[in-house]
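Nothing in this text is a laboratory measurement; each read-out follows from the coordinates by a stated rule. Quick caveat, the model's predicted, so the values are computed rather than measured. Cβ atoms come from the backbone with ideal geometry, glycine included; neighbour counts cover every protein chain shown.
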Amino acid sequence: MTRDDVRKAVIDVLSEIQTLSGRQVPMFSDELCPADDIAGFDSLNAEEATVALVEKLGFELKDNPFASDDRNLRVGEIVDRICASALAQKGK
C-alpha cells in the first residue's frame, strides 16, 4: 500500500463521516487539520474514523492517528503516522 493509497483512504473515511452526519465535506489538502478545520468533527468522529480506517486498510492502528500528545494533526501528518504504523507492523 502506497502513501497515496493511505491518503485516499483517510480522505474517503473523513468524507463519508461528514456526509453521513449531514455536514459539508471540505476541500482536502495535506495541511487541513480535521479536528480544527472540519465543521463538527470531534473526538467521537475521530474514533469512528479510526475504526473505519482499520477496516479499510486491514491493519491495526495502535495510536490515535488524528492527534499527538499535545496537538491535533493535519491530514499529511495523519497519513505519515499511519504509514509508519504499517511499516512497524510489517517489520514484526
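Between N72 and any residue 5 or more places off or on another chain, the built amide H atoms are never under 5 Å apart. How high is the FRET efficiency between A35 and A84 when r is their beta carbon distance and R₀ equals 25 Å, given to the nearest 0.05? Working from the Cβ atoms, E equals 0.80.
Peptides 17-27, 62-72: what's the order by average Cβ count within 10 Å, highest mean first?
Averaged packing, sorted descending, gives the order 62-72, 17-27.
Remark on L32: its backbone amide H falls under 5 Å from those of V75, G76, a criterion applied only to residues 5 or more positions apart or on other chains, H modelled at 1.01 Å from N. I'd like the orientation of helix 75-90 relative to the chain: the angle between its Cα long axis and the longest Cα principal axis, in ° from 0 to 90, rounded to 10. The helix 75-90 is inclined about 30 degrees to the chain. By the equivalent-ellipsoid construction on the alpha carbon gyration tensor, the chain comes out with semi-axes of 21, 13, 12 Å, ordered largest to smallest. Tell me the angle of helix 43-57 to the major Cα principal axis of the chain, expressed in degrees between 0 and 90 and rounded to the nearest ten. Orientation of helix 43-57: about 50 degrees from the principal axis.
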